[in-house]
Amino acid sequence: MHKKLFIPGPIDVMEDVLDQMTKPMIGHRSKEASSLQRSISEKFQKVFYTKEQILLSTSSGSGLMEGAIRSCTRKRAAVFSVGAFGDRWYKMAVSNNVSADKYSAEPGEATLPDDVDRVLATGKYDLITITHNETSTGVMNPIYEIAEVVRKYPEVVWCLDAVSSMGGTKIEVDKLGIDICITSTQKCLGMPPGMSIASMSQKAIEAAKKVEHRGYYLDLLTLYEYIQKKDHQYPSTPALSIMYAMDYQLDKILAEGLENRYRRHEEMAEYVRQWARERFKIFPNEKYASNTLTTIKNTKGINIAQLNKELGNRGYAISNGYGDLKEKTFRISHMGDYTIDDIKDLLENIDEILE
Ligand SMILES: *Cc1c(COP(=O)(O)O)cnc(C)c1O
């Protein structure tokens, strides 16, 4: 039996979107490939609210995260972490020999504008990474307020991990001044896993030109220049099947309307939070609770693995806590193309099991 996935990615992909992946291949150096990739990029510019070039990568989001910190850190990177995915960015820096320092918030707390200001005021850093939506703790960082601070430091390249939020909540990349904004296909966008997407500003491009060892496959400058020169083609063979699904799903996203999509995510989030408050406790500081997934504190000491097993028999899957938070928390994602009725259905089933 298929389990409906309420895990924070991959999530269910609509059947008509999946069907697109059975289309025949085209040559990746053909005019058709250029026009497919151009079409995808133009639609993503709307979703990202950006005029900058969109880069597609045949890697999951982690690939572009690693590429960004390696390609654009000239001096030293400040990694702001509020959980497992922020920590991942620090590990990427260290393992690529990129100088970096990590600034962590308490579990369930957010990265605050003052923290960023204090760190950048030292003058030690020319790149920062922020996790927009921390999928382990369920914190959504206040990027609009953080943007006000980052603006004061024009030499700093701002990289944003929007893997579990882009397409589910508004992120106006150009207005915010985000230099590299990264997302993956398999979360709020409701696409099959295997590719990732980033925007890249002129500032980031100029920064990358000053970095000597940018790697090869994930060198964002080479990717950018190739797209520009070769009419949206890529240096190596991309996952064309996923691109067919992407192009098609982007039409559906834009037809729904971005504001409607954000509102639907908010409604689902509010419903899950209310449910959680009445039965458990919301793990993160509620002021920063995410609109795309909810991390719930297991105040009743229930066996989460057992709950998930029983949910599985009924055709649903949720997530246990991430890392250290396993069994202490559990996570319900409300992202992609689900509706409030799907959420009600899931929560009714959880209630029945818990009774
Ligand atoms: C899922 C996730 C990632 C990792 O993305 P992949 O596409 O699996 O590489 C990174 N950051 C956040 C916040 C995520 O939720």
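For TYR226 and ASN260, a Förster radius of 45 Å and the Cβ-Cβ distance give a FRET efficiency of 0.80, rounded to the nearest 0.05. Taken as entire DSSP H runs, the helices of the chain that both span 18 Å or more between Cα atoms along their own long axis and average -0.5 or more on the Kyte-Doolittle scale are 240-256, 340-354. Structural size metrics of the stretch 139-210, computed from C-alpha coordinates, are Rg and Dmax of 12.9, 38 Å. If the segment from ASP345 to GLU32 were pulled out straight at 0.36 nm per residue, it would be longer than the present Cα-Cα gap by 108.5 nm. For the pair GLU352 and ARG151, label points projected 7 Å from Cα toward Cβ lie 5.2 nm apart.
Note on the stretch 17-254: Rg/Rh from C-alpha atoms, Kirkwood Rh, equals 0.96. Here the gap between LYS3 and GLU42, fully extended at 0.36 nm per residue and compared with their Cα-Cα distance, gives a gain of 10.7 nm. Percent of C-alpha pairs per 10 Å bin in the stretch 232-355, short distances first: 12, 36, 28, 18, 6, 1.
Listed cross-link partners LYS51/LYS75; LYS209/LYS229; LYS170/LYS287; LYS210/LYS230; LYS51/LYS102; LYS124/LYS287 are compared with a 20 Å cut-off, the Cα-Cα value being larger for LYS51/LYS75; LYS210/LYS230; LYS51/LYS102; LYS124/LYS287. If both residues of a DSSP beta bridge must be in the stretch 17-254, then about 40% of such bridges are antiparallel. Here the stretch 94-191 is treated as a Stokes sphere of Kirkwood radius computed over C-alpha pairs; at 25 °C and 0.890 mPa s its diffusion coefficient rounds to 173 µm²/s.
Helical content of the chain, expressed as a calculated mean residue ellipticity at 222 nm, amounts to -13000 deg cm²/dmol (DSSP H runs of 4 or more residues, -39,500 (n - 2.57) each, divided by residue number, nearest 500).
Loop-resident GluC sites (Glu not before Pro) (DSSP state other than H, G, I, E or B) in the stretch 111-211 with no more than 16 further Cβ atoms inside 10 Å of their Cβ: GLU155, GLU172. Using a simple spin-label model with pseudo-atoms 7 Å out from Cα toward Cβ, MET25 and LYS328 lie 4.8 nm apart.
Projecting label points 7 angstrom from Cα along Cα→Cβ for TYR144 and SER95 puts them 3.6 nm apart.
No value in this document is a laboratory result; all are computed from the given coordinates. Just so it is clear, the structure is predicted and the values come from calculations on it, not from any experiment. Neighbour counts are summed over all protein chains in view; Cβ atoms, including those assigned to glycine, are modelled from backbone coordinates with ideal geometry.
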